[in-house]
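Taking it in order: structure first as structure tokens, then the write-up.
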Amino acid sequence: MGTLLEIKGLTSHYGRIQALKGIDVTVGEGELVALVGANGAGKTSLLRCISGVQPISGGTISFDGKDITGLAGEKRVPLGISQSPEGRQVFGPMSVEDNLRLGAYIRKGPTIAEDMQRMYEMFPILYKKRELPAGTLSGGQQQMLAIARALMARPRVLLLDEPSMGLAPLLVEEIFQTIVTLKQAGTTIFLVEQNAYAALAIADRGYVLETGSVVLSDSGQALLSNEKVKEAYLGL
Amino acid sequence: MFAAFLQYLFSGLTSGAIYALAGLGFAIIYNASHVINFAQGEFIMIGGMASATLVAAGVPMPLAITLAMIISMAVGVALEKFAIEPARNADVVTIIIITIGASIFMRGAAQIIWDKEFHSLPAFSGEIPIAVLGATLMPQSLWVFGVAAVVIVALWWFFNRTMFGKAMLATSHNRLAAQLVGVGVKKVLLASFALSALLGAVGGIVVTPITFTNYEAGIMLGLKGFSAAVLGGLGNGGGAIVGGLIVGIAEALASGYLSSAYKDAIAFVIILFVLFFMPNGLFGKRGTDRV
């Protein structure tokens, strides 16, 4: 299993505040890797750096063996890096269908319509509401739309930022079930979550982020039974 | 009575159509960047001045018009590349001030390149007025209505039926998400300036046979287009069109029934009224977000 995404010594600043203090993370082809940590630990910053929408002050990011550290964000999507962002960020006034179609903005040809069908099969509620403005969807439906939109780019690695945030427990379970299904279909996933228990339970490997640094990394199961993780994140 | 009213209405609709095009120009740039481009009026002036002087120099009219549109778009692109883009990390207010500076610069340059005289363009299909229910309508006014309608339909098609148009809309709704699906927001910004400049130029060209133009004609047209955009709700394309027609008709009626001295004041009274009593305009979105 080759390494798909490799991050080395990554640092990033918001003005004078350092959000990331030298992060090393790798994601292998076909893996489901979880990154857990408290609010403000730098999880979203890391994902935004990977997508190229937040400036990096040091370190490197390589994708499929190629250095993409200086590559503009919009040029990373065609390489296969696609993100479902924190807070869903759907195009509120535009229809569900337009949102999905824009997910495939970088693609051309008839396969787009086929993928759209696949998304509707995976999330039937989106098909029912395809002509409605995305902003009228419930939180859970918007989350499904955000994930489906990211998948429409046919990513080689799917970045998921807090997919369970603000959702009712039943919906959280549904979203995580979707993530497992995607993984089983062979999608490489880098999952960022505050919900450490649910994320580590389905992950092959996990990283724990604290105030901008990776403090622990191990297999998902090992992290789940790690005393420090239990105490700090699982409330056990 | 009715004939006079109809006469005012025709003249109001004619200038209203131009304000609508200018208002759409404001809306497109505002949507792409949240910047209000106070050089929008200068695009109108450049369209009018360039076509008028080219025709006067003996260039056939269709070619002159095409060239004037290209020149105006080139100016719009240059404005974005050399004045707006280098300041992309600055405050929106700073960028707005840059556009005011750019508009002063363009007026100065127009004085040097052309002159301070008024210029005109021959009417596209003659000057024989058409009698309508006791009022008269100039054929050029029909050109203004027709061209404005075609431009509006084309814009609607662009923003609702083409992928790049949808990407521009998507960027205005959520810039981060647009970047994450691979939309190049720099390209969107550049396109918004080119498109707004084109709209301004088209308006300036079709109206020049009626109103004439000179190096500072853009000030008033720009400000009235701005009133149109504010009245309709900043960033709302349909609103800008309705706003433009209302401003045009209101000022034509005011100058007809009150005094022509008040003509230019009307647009500003409308701006003040909107800002005091309905800051979101007629169709603007409310300033609230679901979190």
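The values are calculated or read from the model by the stated rules, or taken from the named source; none is laboratory data. The structure displayed is predicted, hence computed values, not measured ones. Counting neighbours? That spans all protein chains shown, and the Cβs are built from the backbone with ideal geometry, glycine included. Each accessible area value is taken on the protein alone, full model and side chains, heavy atoms only, with ligands, DNA and RNA left out. Shrake-Rupley method; radii C 1.70, N 1.55, O 1.52, S 1.80 Å.
Can you pull out the residues in the range A:225-236 that are under 29 Å from A:Tyr14 (Cβ atoms) and buried (at least 17 other Cβ atoms within 10 Å of the Cβ)?
Listed by number, the residues that qualify are A:Val229, A:Ala232, A:Tyr233.
Modelled with pLDDT of 95 or more and within 14 Å of another protein chain (Cβ to nearest Cβ): which single residue out of B:Ala110, B:Ala178, B:Ala149 fits that description? I'd like the intermediate steps shown before the answer.
Details: B:Ala110 fails: within 14 Å of another protein chain (Cβ to nearest Cβ); B:Ala149 fails: within 14 Å of another protein chain (Cβ to nearest Cβ).
It is B:Ala178.
Can you give me the number of residues within the range B:203-244 that are within 18 Å of B:Met138 (Cβ to Cβ), out of contact with any Phe, Trp or Tyr (no Cβ under 8 Å at 6 or more places or on another chain) and of a type outside the set (Ser, Thr, Tyr)? Please lay out each step first, then the result.
First, pick out the residues of the range B:203-244 that are within 18 Å of B:Met138 (Cβ to Cβ): B:203-213.
So of that shortlist, the ones also out of contact with any Phe, Trp or Tyr (no Cβ under 8 Å at 6 or more places or on another chain) come out as B:203, B:205, B:207-208, B:210-211.
Among the residues that remain, those that are also of a type outside the set (Ser, Thr, Tyr) are: B:203, B:205, B:207, B:210.
Of the residues in the range B:203-244, 4 are within 18 Å of B:Met138 (Cβ to Cβ), out of contact with any Phe, Trp or Tyr (no Cβ under 8 Å at 6 or more places or on another chain) and of a type outside the set (Ser, Thr, Tyr).
Identify all residues within the range A:101-130 that are over 22 Å from B:Lys187 (Cβ atoms) and within 19 Å of the chain's Cα centre (by Cα); write none if there are none. Walk me through it before giving the result.
Residues of the range A:101-130 over 22 Å from B:Lys187 (Cβ atoms): A:110-111, A:113-130.
Listed by number, the residues that qualify are A:Met119, A:Met122, A:Phe123.
Could you please give the count of residues in the range A:90-104 that are open to solvent by 50 Å² or more (accessible area, probe 1.4 Å) and of a type outside the set (D, E, K, R)? Let's see the steps before the verdict.
Restricting attention to the range A:90-104, the residues satisfying the condition of being open to solvent by 50 Å² or more (accessible area, probe 1.4 Å) are A:93, A:97, A:101.
Within this subset, residues satisfying the condition of being of a type outside the set (D, E, K, R) are A:93.
Matching residues across the range A:90-104 total 1.
If we keep just the residues of the range A:138-163 that are farther than 21 Å from A:Asn195 by Cβ and part of a loop (DSSP other than H, G, I, E, B), which is farthest from the other protein chains (Cβ to nearest Cβ)?
So, considering only residues that are farther than 21 Å from A:Asn195 by Cβ and part of a loop (DSSP other than H, G, I, E, B), the one farthest from the other protein chains (Cβ to nearest Cβ) is A:Arg156.
Have a look at B:Trp143, B:Trp157 and point out the one that is under 19 Å from the mean Cα position of the chain (by Cα), within 30 Å of A:Gly135 (Cβ to Cβ), open to solvent by 60 Å² or more (accessible area, probe 1.4 Å) and more than 13 Å from chain A (Cβ to nearest Cβ). Working first, answer last.
Working: B:Trp143 fails: within 30 Å of A:Gly135 (Cβ to Cβ).
Only one candidate qualifies: B:Trp157.
In the range A:64-86, what count of residues is obtained for those that are within 17 Å of A:Leu46 (Cα to Cα), open to solvent by 30 Å² or more (accessible area, probe 1.4 Å) and more than 8 Å from chain B (Cβ to nearest Cβ)?
So the count comes out to 5.
Go through (1) closer than 11 Å to A:Ala148 by Cβ; (2) within 14 Å of chain B (Cβ to nearest Cβ); (3) open to solvent by 60 Å² or more (accessible area, probe 1.4 Å) one by one and return the number of the condition A:Glu121 breaks.
(2)
From the residues in the range B:178-211 that are touching a strand residue (DSSP E or B) at 6+ places or on another chain (Cβ under 9 Å) and not hydroxyl-bearing (Ser, Thr, Tyr), which one is farthest from A:Pro85 (Cα to Cα)?
B:Val207
If we scan the range A:21-29, do we find a residue that is within 21 Å of A:Thr188 (Cβ to Cβ) and outside any strand (DSSP E or B)?
Yes: the range A:21-29 contains one or more residues that are within 21 Å of A:Thr188 (Cβ to Cβ) and outside any strand (DSSP E or B).
Answer yes or no: is there a residue in the range B:222-230 that is β-branched (Val, Ile, Thr) and in contact (Cβ under 8 Å) with a residue 60 or more places away in the chain. First the steps, then the outcome.
Here is the first cut: in the range B:222-230, the ones β-branched (Val, Ile, Thr) are B:230.
Filter once more, so that each one left must be in contact (Cβ under 8 Å) with a residue 60 or more places away in the chain: none.
Checked against the condition, which is being β-branched (Val, Ile, Thr) and in contact (Cβ under 8 Å) with a residue 60 or more places away in the chain, the range B:222-230 yields no hits at all.
Let's see how each residue does on (1) under 25 Å from A:Glu74 (Cα atoms); (2) surrounded by 15 or more Cβ atoms within 10 Å (Cβ to Cβ); (3) modelled with pLDDT under 95:
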{"position": "A:Ala134", "(1), (2), (3)": "yes, yes, no"}
{"position": "A:Ile147", "(1), (2), (3)": "yes, yes, no"}
{"position": "A:Leu158", "(1), (2), (3)": "yes, yes, no"}
{"position": "A:Ser164", "(1), (2), (3)": "no, yes, yes"}
{"position": "A:Pro169", "(1), (2), (3)": "no, no, yes"}
{"position": "A:Asn195", "(1), (2), (3)": "no, yes, yes"}
{"position": "A:Tyr207", "(1), (2), (3)": "no, yes, no"}
{"position": "A:Leu216", "(1), (2), (3)": "no, yes, yes"}
{"position": "A:Leu223", "(1), (2), (3)": "no, yes, yes"}
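Please go through (1) facing chain B (nearest Cβ under 8 Å); (2) over 27 Å from A:Gln142 (Cβ atoms) for A:Val53 and return the number of the only condition it doesn't satisfy.
With (1) facing chain B (nearest Cβ under 8 Å); (2) over 27 Å from A:Gln142 (Cβ atoms) applied to A:Val53, the lone miss is (2).
Exactly one of these conditions fails for B:Ile130: (1) within 14 Å of chain A (Cβ to nearest Cβ); (2) surrounded by fewer than 19 Cβ atoms within 10 Å (Cβ to Cβ); (3) modelled with pLDDT under 95; (4) more than 25 Å from B:Ala228 (Cα to Cα). Give me its number.
(1)
Taking interchain pairs and intrachain pairs at least six residues apart, which have beta carbon atoms under 8 angstrom, with the first residue in the range A:113-142 and in contact (Cβ under 8 Å) with a residue 12 or more places away in the chain and the second open to solvent by 70 Å² or more (accessible area, probe 1.4 Å) and among the small types (Gly, Ala, Ser)?
Listed by first residue and then by second, the contacts come to A:Gly139/A:Gly166.
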